[in-house]
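Encoded as structure tokens, the structure appears first; notes follow it.
None of the figures in this text is laboratory data; all of them are computed from the coordinates on show. The model shown is predicted, which means the values in this text are computed figures rather than measured ones. Don't worry about glycine lacking a Cβ; one is built from the backbone with ideal geometry, like all the others, and counts go over all protein chains shown.
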Amino acid sequence: MIEVKTVIRKSIRESWELWTKPEHVIHWNFAIEDWECPKAESNFIVGGEFHYLMRAKDKSMEFDFWGTFTEIQEHNYISIVLADGRKMEVHFSQTQENETEIMERFEPENQNPVDLQQQGWQSILTNFATYANQY
């Protein structure tokens, strides 16, 4: 499993909403500035799916990043099976400073080096922190 983390200067309730609601996901779900997430849909229930359109801004490449929610513990934990069968989980915890630590763990795929995958997912989580802290 690969692990990435960030801290948000918001409550768990606020951080949870900014991470789970499609109207927020479109503002932070990309690893580099040349990419965007112009469309996000989510049926946020156990057994429901999310679909995030990941696209190069020049429209030269795009893909549907999607998965199925397998467990949801409100304001605490989300477990997901991605389209290719890999598992990921997201943990939300309150820090002593009343901020929110978000930790994602995911199984690596076989096409890219592990360090590259960790950097990409960390970059997306860092974008989330920037968005959330400014929201």
* Structure fact -> With label points set 7 Å from each Cα along the Cα-to-Cβ direction at residue 7 and residue 77, the distance between them in nm comes to 2.4
* Asked: What number, in percent, do you get for the relative contact order of segment 1-125 if the mean sequence gap of Cα pairs under 8 Å and at least 6 apart is divided by its residue count?
  -> 29
* Straight-line reach from residue 59: which lysines have a Cα under 28 Å away, not including same-chain ones fewer than 8 places off? -> 21, 39
* Structure fact -> Between residue 10 and residues 5 or more places away or on another chain, the pairs with built amide H atoms under 5 Å apart involve 100
* Report, in whole Å, the centroid distance computed from the Cα atoms of segment 20-53 and segment 55-85. => 7
* To do: Once you have the Cα-Cα distance between residue 123 and residue 34, take 0.36 nm times their residue separation minus that, and quote the gain in nm to one decimal.
  => 30.8 nm
